[in-house]
Ligand SMILES: Cc1ncc(COP(=O)(O)O)c(C=O)c1O
């Protein structure tokens, strides 16, 4: 067992510094020196020691409010007792599956999801990551239609594998890995005419997120999604919605697609499904897709996909979402957050150019990447609030707080943002540049 697992729940200042230095050193030596340097620059070099509810604690026992939750993984907060208990119960019986016998949790999970997704799509595949669910969607799209063409969205994001990067439209992550899958067309999100021009009789499927987080939480309008559905039907192509991040209540409905009434051919879920405890994802699909899948019963497979621990976590998560009535709660908290962010935008016009999103999935757009970075640094340093700016778009601050948080927690986020914006406005860009230079110098001197 690693030594740190045996350490006390709270460390002394000295021991914490020593451990942090050790961990950063390993990050530098075994992963990438730049990552360690960036964490120091942004004041984010704390060790995640334990977590509970809306908070992550460092080894000194200091709480950090988690306003982003790894892009929405922690909808139930951290370590929700019912999810932890379900996983523990399963662990007492055994860990992973031998993949020969039946895993009851996996089939129950698919049955539960099929009752929840738009159109009650009856069939499914259980994986471990969002990427895996979207890779399965890619394969099924080609298998179902016998066509090669894939249409994705500019600024869309579906994962980091070569397949999912091919249909993702963020050059920051695509560059350096060519050749990606072909033929792919990336169209502007929200532009129905462009989609109509791109979709034809060679198109297997169109892939999109109803709320596109990487473009600062742009929301697809109901008319856009309904239009895409029509165009896909006319062309015989499939419509695939990636709800890894926006599904399972994040937008205030079980699925973001419900805001438009659109029923996709396939829909993916992940993140929230984990309950913040075990990695799990799923792809649900229609009868038409199933007919193709029947010719390939093992069209996809993975060692860990749908393992008993993950399924126990997922089923407990669905129970909690239902019996704690968390989805209407997410909708109400989302409205409060939206109203507060609108006030923030109006109060800091020189800093904040806009805010957008749906439910508890929201972004603040600042007018300069340095504003975004500085605000997130201050949030961390002065408010111990985890609300980072986006790595590929540092002018954007994103948040996806837990559904279990209270109105007071939403107000805490807004107050911390207000105070940080106020400080950044006083500093101005020259002050931020000075701050960055000073920190850079300190790091170079090794202090
Ligand atoms: C919309 C969307 N699709 C797919 C993924 C990939 O999921 P994972 O990181 O679990 O592979 C993500 C992850 O952020 C996502 O937000």
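The values are calculated or read from the model by the stated rules, or taken from the named source; none is laboratory data. Note that the coordinates shown come from a computational prediction; the quantities given were computed from them, not determined experimentally. Cβ sites come from the backbone with ideal geometry, for glycine too, and all protein chains shown count toward neighbours.
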- prompt: When you go through (1) surrounded by fewer than 20 Cβ atoms within 10 Å (Cβ to Cβ); (2) closer than 20 Å to residue 270 by Cα; (3) modelled with pLDDT of 95 or more one by one for residue 306, which number turns out not to apply?
  reply: (1)
message: Which count do you get for residues in the range 80-124 that are within 28 Å of residue 52 (Cα to Cα) and free of Cβ contacts under 8 Å to residues at least 12 places away in the same chain?
response: 3
Residues satisfying the stated conditions in the range 243-254, i.e. within 13 Å of the ligand (Cβ to nearest atom) and closer than 16 Å to residue 116 by Cβ: 243, 244, 246, 247, 248, 250, 251
query: Residues in the range 77-93: is at least one under 22 Å from residue 386 (Cα atoms) and in contact with a helix residue (DSSP H, G or I) (Cβ under 8 Å, 6 or more places away or on another chain)?
result: yes
message: Can you find a residue that is closer than 25 Å to residue 347 by Cα and over 29 Å from the mean Cα position of the chain (by Cα) anywhere in the range 435-442?
response: yes
query: Do we have any residue at all in the range 217-224 that's crowded, with 19+ Cβ neighbours inside 10 Å and away from the ligand (no atom under 16 Å from the Cβ)?
result: yes
- prompt: Is at least one residue of the range 264-284 surrounded by fewer than 20 Cβ atoms within 10 Å (Cβ to Cβ) and over 17 Å from the mean Cα position of the chain (by Cα)?
  reply: no
field: Segments classed as strands (runs of 3 or more DSSP E), wholly inside the range 338-444, with at least 1 members that are in contact with a helix residue (DSSP H, G or I) (Cβ under 9 Å, 6 or more places away or on another chain) and on the phi > 0 side of the Ramachandran plot
entry: 352-358
Per-region count, the range 13-48, residues over 27 Å from residue 437 (Cβ atoms) and free of Cβ contacts under 8 Å to residues at least 12 places away in the same chain: 6
statement: residue 206 vs (1) touching a helix residue (DSSP H, G or I) at 6+ places or on another chain (Cβ under 8 Å); (2) without any contact (Cβ under 8 Å) to a residue 60 or more places away in the chain; (3) away from the ligand (no atom under 12 Å from the Cβ); (4) outside any strand (DSSP E or B): all pass except (4)
statement: Residue hits (the range 157-180; out of contact with any strand residue (DSSP E or B) (no Cβ under 6 Å at 6 or more places or on another chain), assigned to a loop (DSSP other than H, G, I, E, B) and within 13 Å of the ligand (Cβ to nearest atom)) are 157, 159, 160, 161, 168, 170
message: Would you confirm, using the coordinates I've provided, whether residue 240 is buried (at least 24 other Cβ atoms within 10 Å of the Cβ), farther than 30 Å from residue 53 by Cβ and within 15 Å of the ligand (Cβ to nearest atom)?
response: yes
message: Any residue at all in the range 93-114 that's surrounded by 14 or more Cβ atoms within 10 Å (Cβ to Cβ), within 16 Å of the ligand (Cβ to nearest atom) and under 22 Å from the mean Cα position of the chain (by Cα)?
response: no
- request: May I ask you to list pairs of residues, at least six apart or on different chains, whose Cβ atoms are under 9 Å apart, with the first in the range 267-278 being closer than 12 Å to residue 309 by Cα and the second being assigned to a loop (DSSP other than H, G, I, E, B) and within 12 Å of the ligand (Cβ to nearest atom)?
  value: 274/73; 274/280; 275/73; 278/128
